[in-house]
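Quick one: this structure, given as structure tokens, is what I'll be asking you about.
Where a number appears in this text, it was derived from the coordinates with a stated rule and is not lab data. Because the structure is a prediction, the values reported are computed rather than measured. Here the Cβ is made from the backbone with ideal geometry for all residues, glycine too, and neighbour counts use every protein chain on show.
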């Protein structure tokens, strides 16, 4: 059975079906993209979230979607086989990835409660 971490790493691969302009060349590139997105979010994303905290509070957290879209677009520059064509694709990709993350977190939490 796949672990929760493996499923989360596959999310960019699943997102390409829902968002035009969001392309992943294959499973290996999806795994590489997830690792680079995680690295970018842990470094540059953390810095941007701290700097834009007042704006995030004013928009009730919706500005985090814009920051995540920027992180997707930035990660696509450094990842071969992972292309985000424009800002709309990055924005919709950010929303879809957030929803997929929410669903998989709920599913894995229920599995832990059943154990």
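Apply the Debye scattering formula to the range 4-107, with a single equal point scatterer on each alpha-carbon and no solvent, then give log10 I(q)/I(0) at q = 0.11 Å⁻¹.
Taking Cα atoms of the range 4-107 as identical point scatterers yields -0.30.
Taking the simple approach of a point 7 Å from Cα along Cα-to-Cβ for both residue 87 and residue 35, what is their distance in nm?
3.2
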